[in-house]
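These notes concern the structure reproduced below.
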């Protein structure tokens, strides 16, 4: 008997919303820690599924974020059920909190956590929190309950970075990120598990997309392939932010959702003493093998 899924929830996400989702053969579940390249992976999957450089509709219409508390549960299920293309579904829930189905491909992506900490700070600053709260209240209705008391964010990017490093939230924070990736790392040799790295996509987008296409069993016309790869580049994605940024109404600036897509941003924030503190935290949270895989320039 399979153990029941682990419960993952915070103010804006809850994996209990997977209840009622009927998985189909060929479904793709993109299960990632926040700001590791989730939307980029969704876009690449969309390009491979449809086999053309222009997606046929805005990304939010083509893919569903199941965990998010931004639309009523019944509405989300109906949207997902009505999709007649090969579905690629977004989640920030780790593997042990997801329904398991051998007919489904589960994809995750890792990134240097130091860059994730910088990226998530930019992400939250760009988020219209009042609008997010209103969407949550409308989605949950009477079940929304009273909001927990929340401390204001720390005043500087440096302090907010360390708040993320030390966070205990089971979906957001360094610890949550590493636990999420560990689940994929342990099962990375299974045929329906795919584990990507942000830097590999940056340095060899063509090769990584070909490997992903093979894992998904998709065939793309070679005459179209260069256009697909071009459509997946950061410059092209950022230029189409109006239709590619997820949950479009939440952002103060849609283009800023795709802020820089760069590696090494953390170098402007951390000095040698900070790196010693960071290394100690990493060592306490994960294995040397996973740490080495994530930190491509070493620790």
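The values are calculated or read from the model by the stated rules, or taken from the named source; none is laboratory data. In this text, all values refer to a predicted model and were calculated from it rather than measured experimentally. Heads up, the Cβs are rebuilt from the backbone with ideal geometry, glycines too, and the neighbour counts pull from every protein chain shown.
Going by what's in this entry, would residue 102 be described as out of contact with any strand residue (DSSP E or B) (no Cβ under 9 Å at 6 or more places or on another chain), over 22 Å from residue 134 (Cα atoms) and at pLDDT 95 or above? Give the steps one after another, and end with the answer.
Details: out of contact with any strand residue (DSSP E or B) (no Cβ under 9 Å at 6 or more places or on another chain): yes; over 22 Å from residue 134 (Cα atoms): yes; at pLDDT 95 or above: yes.
Yes.
For region 125-155, give me each residue that is closer than 28 Å to residue 43 by Cβ and not in a helix (DSSP H, G or I).
Scanning region 125-155 gives 127, 128.
So, in region 241-266, exactly how many residues are modelled with pLDDT of 85 or more and either out of contact with any helix residue (DSSP H, G or I) (no Cβ under 9 Å at 6 or more places or on another chain) or not in a helix (DSSP H, G or I) (or both)? Even if it seems obvious, please write down each step before you answer.
Here is the first cut: in region 241-266, the residues modelled with pLDDT of 85 or more are 264-266.
From what is left, the residues that are either out of contact with any helix residue (DSSP H, G or I) (no Cβ under 9 Å at 6 or more places or on another chain) or not in a helix (DSSP H, G or I) (or both) are 264.
Residues in region 241-266 being modelled with pLDDT of 85 or more and either out of contact with any helix residue (DSSP H, G or I) (no Cβ under 9 Å at 6 or more places or on another chain) or not in a helix (DSSP H, G or I) (or both): 1 in total.
Please go through region 41-92 and pick out each residue that is out of contact with any helix residue (DSSP H, G or I) (no Cβ under 9 Å at 6 or more places or on another chain) and under 25 Å from residue 173 (Cα atoms).
Pass one, region 41-92, residues out of contact with any helix residue (DSSP H, G or I) (no Cβ under 9 Å at 6 or more places or on another chain): 74, 78, 80-82, 84.
Hits for region 41-92: nothing passes.
Taking interchain pairs and intrachain pairs at least six residues apart, which have beta carbon atoms under 8 angstrom, with the first residue in region 30-46 and on the phi > 0 side of the Ramachandran plot and the second assigned to a loop (DSSP other than H, G, I, E, B) and buried (at least 24 other Cβ atoms within 10 Å of the Cβ)?
35/111; 37/111
Sort out which residues of region 146-166 are over 22 Å from residue 267 (Cβ atoms) and either in contact with a helix residue (DSSP H, G or I) (Cβ under 8 Å, 6 or more places away or on another chain) or at pLDDT 90 or above (or both), and write them in order of number.
Of region 146-166, the ones over 22 Å from residue 267 (Cβ atoms) are 146-153.
Scanning region 146-166 gives 147, 153.
What are the residues in region 278-288 that are in contact (Cβ under 8 Å) with a residue 60 or more places away in the chain and not in a loop (DSSP other than H, G, I, E, B), if any?
278, 281, 282, 285
Does residue 70 meet the test of being under 22 Å from residue 81 (Cβ atoms), within 17 Å of the chain's Cα centre (by Cα) and touching a residue at least 60 places away in the same chain (Cβ under 8 Å)?
Details: under 22 Å from residue 81 (Cβ atoms): yes; within 17 Å of the chain's Cα centre (by Cα): yes; touching a residue at least 60 places away in the same chain (Cβ under 8 Å): yes.
Taking the combined requirement at face value, the residue satisfies it.
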